[in-house]
Amino acid sequence: MRSPLMRRLGLGAVLALVLAVFGLAPTASADPAPAELTFTTDSATTTPGGTVNLSMTVTNHKTYDIWFVYQTIDPTWLTTQRPDLKYTFTGCALATAAGPTPCSGTGPADLGANYGATVPPGQSRTVTLTLQVAADSGCNGNIGFYSYFYVEFSDRTSISGGPVYTPETRVLCA
């Protein structure tokens, strides 16, 4: 006697095979997100008293302008567990065709306004923060951050993303 469970599984397998043969089965999509946030650093290491430039790039993959970006940046949990690592953000610049211009946002707590005017479809905006490691900072530890972001488009849609992690900067003993 066949069990009803086996009949259901067999029917499901036959249905999945028919859908796959006729191209109606769901497929994995390689479409990029409507907007993405990426991070790079100019150096993977520094020493106490040194600086590292942390660049953040928002890219618009949608067919509408990005009108608004809100972004946060916070230290990772492992970074907060090393109270001897001392650092601060000392500079902020928006990359433009004419060269870098000072940021217009309120700083690391709210970075979105720093990306400037609208971001047209297919284009990016890059903001670079200067991370200053204090001269009396501990060493042999990593400093890393994570970010959440929110983007609004001109077609009145929005997306939220994150956490997006920065590359870690290793503070080496001199």
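What number of residues in the range 15-47 are touching a Leu at 6+ places or on another chain (Cβ under 9 Å), open to solvent by 30 Å² or more (accessible area, probe 1.4 Å) and at pLDDT 90 or above? Walk me through it before giving the result.
Kept after step one, since they are touching a Leu at 6+ places or on another chain (Cβ under 9 Å), are these residues of the range 15-47: 18, 25-26, 39-42, 45-47.
Subset that is open to solvent by 30 Å² or more (accessible area, probe 1.4 Å): 18, 25-26, 40-42, 45, 47.
Filter again for at pLDDT 90 or above, leaving 40-42, 45, 47.
So the count comes out to 5.
Only one of these is β-branched (Val, Ile, Thr) and out of contact with any Phe, Trp or Tyr (no Cβ under 6 Å at 6 or more places or on another chain): Thr76, Thr63. Name it.
Values: Thr76 fails: out of contact with any Phe, Trp or Tyr (no Cβ under 6 Å at 6 or more places or on another chain).
Of the residues listed, the single one that is β-branched (Val, Ile, Thr) and out of contact with any Phe, Trp or Tyr (no Cβ under 6 Å at 6 or more places or on another chain) is Thr63.
Residue check: is Ala113 free of Cβ contacts under 8 Å to residues at least 60 places away in the same chain and of a type in the set (A, V, I, L, M, F, W, C)? Before you say what the answer is, go through the steps one by one.
On the way: free of Cβ contacts under 8 Å to residues at least 60 places away in the same chain: yes; of a type in the set (A, V, I, L, M, F, W, C): yes.
Answer is yes for this residue.
Kindly indicate whether any position in the range 50-64 is in a strand (DSSP E or B), surrounded by fewer than 18 Cβ atoms within 10 Å (Cβ to Cβ) and at pLDDT below 85.
Scanning the range 50-64 turns up no residue that is in a strand (DSSP E or B), surrounded by fewer than 18 Cβ atoms within 10 Å (Cβ to Cβ) and at pLDDT below 85.
Considering only strands (runs of 3 or more DSSP E) fully contained in the range 76-174, which possess at least 2 residues that are within 21 Å of Gly50 (Cβ to Cβ)? Please lay out each step first, then the result.
Working: elements: 87-94, 124-133, 141-143, 145-153, 158-165, 169-171.
Counting at least 2 such residues, we get 87-94, 124-133, 141-143, 169-171.
Of all residues in the range 75-96 being in contact (Cβ under 8 Å) with a residue 60 or more places away in the chain and of a type in the set (A, V, I, L, M, F, W, C), which is surrounded by the fewest Cβ atoms within 10 Å (Cβ to Cβ)?
It comes out as Leu78.
If Val133 satisfies every condition in (1) of a type outside the set (Asp, Glu); (2) modelled with pLDDT of 95 or more; (3) exposed (fewer than 15 other Cβ atoms within 10 Å of the Cβ) but one, which is the exception?
Just one mismatch for Val133, condition (3).
What do you reckon, is Thr169 out of contact with any helix residue (DSSP H, G or I) (no Cβ under 8 Å at 6 or more places or on another chain) and open to solvent by less than 50 Å² (accessible area, probe 1.4 Å)? Give the steps one after another, and end with the answer.
Working: out of contact with any helix residue (DSSP H, G or I) (no Cβ under 8 Å at 6 or more places or on another chain): yes; open to solvent by less than 50 Å² (accessible area, probe 1.4 Å): yes.
Yes, satisfied.
Considering only residues that are open to solvent by 20 Å² or more (accessible area, probe 1.4 Å) and in contact (Cβ under 8 Å) with a residue 40 or more places away in the chain, look in the range 136-148 and name the one that is nearest to Pro34 (Cα to Cα).
Top of the filtered list is Tyr148.
The values are calculated or read from the model by the stated rules, or taken from the named source; none is laboratory data. These figures come from a predicted structure and were not determined experimentally. Backbone-built Cβ (ideal geometry, glycine too); neighbour counts: all protein chains shown. When the accessible area is computed, the model is the full protein with side chains, heavy atoms only, and any ligands, DNA or RNA have been set aside. Shrake-Rupley method; radii C 1.70, N 1.55, O 1.52, S 1.80 Å.
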